[in-house]
Every structure is written in structure tokens, then in C-alpha cells.
1. If you add up the charges near Asp83, with Lys and Arg at +1 and Asp and Glu at -1, over every other residue whose beta carbon is less than 13 angstrom from its beta carbon, what do you get?
2. Would you please give the residues with an amide H less than 5 Å from that of Leu122, counting only those at least 5 places away or on a separate chain, with H modeled from the backbone geometry?
3. Tell me, what ³J(HN,Hα) does each residue in the stretch 63-79 have, in order and in whole Hz, if you take phi through Karplus 6.51 cos²θ - 1.76 cosθ + 1.60 with θ = phi - 60° and put x for Gly and Pro?
4. Amide H of Phe78: which non-local residues (sequence gap of 5 or more, or other chain) have their own amide H closer than 5 Å, using H built in the peptide plane?
5. Sort Glu67, Glu8, Glu52 by accessible area with a 1.4 Å probe, largest first.
6. Whole-Hz ³J(HN,Hα) for each residue in the stretch 12-23, computed from phi via Karplus 6.51 cos²θ - 1.76 cosθ + 1.60 with θ = phi - 60°, x for glycine and proline: what do you get?
7. Mind ranking Arg135, Arg27, Arg61 by accessible surface for me, highest first, 1.4 Å probe?
8. First compute the accessible area of the stretch 61-111 with a 1.4 Å probe, then give the percent of it belonging to carbon and sulfur atoms.
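The values are calculated or read from the model by the stated rules, or taken from the named source; none is laboratory data. Predicted model only: the values in this text are computed from it and were never measured. Cβ sites come from the backbone with ideal geometry, for glycine too, and all protein chains shown count toward neighbours. Heavy atoms of the whole protein, side chains included, go into the accessibility calculation; ligands, DNA and RNA do not. Shrake-Rupley method; radii C 1.70, N 1.55, O 1.52, S 1.80 Å.
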Amino acid sequence: MSQQIMTESDIASIEDETGLVLPAAYRNTLLNYPQPLIDAGDEHGQGPENYELYNNLKPLRIANCYESEYDDHCPDSFFFIGDNGCGEAFAIDTSDDSCPVYVFSPHVGEFEGTEDGKPGLLCATIGEYVERVKRGYKRG
């Protein structure tokens, strides 16, 4: 599977557009996108980089530079990193170097902490989230 690789220039571009500084752990994930996630794509080139863990500028721009249904409950330090195609969106808190990943869900209460449309903590670090995504593609 071929896959677009993010560059420092790409990251600088999205940081300029959003006004956020992306944590080192997330930057490293973008610059060294995990091979198992690249390999998980289907015959149409659709895989985690198009959904759960974006790895190109187009979906990152769409998720972070345009209005979203979650804007009312989204802290200014949050940066959307993916979605599941069923309404849930995943974001990191850029103000926290440990890079926790949160879930926003249109299905109130489906994930712990998402009551009242607020984001719920999904993983304590971006590394834990990457492993979660990998496990999901091993099963599916």
C-alpha cells in the first residue's frame, strides 16, 4: 500500500492554520506513521490513515479548520486526529505533552465521559491510541 508521508513542512502548515503547536509524541506519530496501520488499508487504499488516525493534510484540515458539530464542547487546545465514519471523532489535547486522546460522540453516553455531548477520555497517550487502532484492524 502506498501512503502519503507527512513532513515537517506539512505539520508546520497545519499548525499555522490552527494556531496550535502539536505535541512531540503526536508529531512523531505523523512523521513515523506505523507500518502496521499503513498495511491495514483495503484494496481501495482506505485504512486508518483515512479514518481513525489521519496521516495527510486534507482530512486534518477538514477536521480542524472548518466548523464541526463538536465545536460547542471542544476546548481550544483540542486537535482532531481521526474519526470512525459513524459519527465519533477523536482529538488530542495539545496542551498536554502526554498527548491524551479524547472521543466525541453524537451518541450521548456511549463512551464514558461523553455525557452532555462532552468529550470522554479514550486513551491516556497517543501511543496507547495507536495500539488500540492496531488491535482494531487485527480483529477486523
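1. On the way: positive: none; negative: Glu49, Glu52, Glu69, Glu88.
That works out to -4.
2. Val101, Tyr102, Val103
3. 6, 10, 10, 10, 4, 9, 5, 9, 4, 5, 10, 9, x, 4, 7, 7, 10
4. Correct list: Thr94.
5. Details: Glu67 175, Glu8 100, Glu52 40 Å².
Sorted by accessible area, descending: Glu67, Glu8, Glu52.
6. Using θ = phi - 60°, the values come out as 4, 4, 6, 5, 4, 5, 9, x, 10, 9, 6, x Hz.
7. Details: Arg135 125, Arg27 55, Arg61 80 Å².
The most accessible residue leads, giving Arg135, Arg61, Arg27.
8. Working: 1150 of 2550 Å².
Ligands and nucleic acids excluded, carbon and sulfur reach 45 percent.
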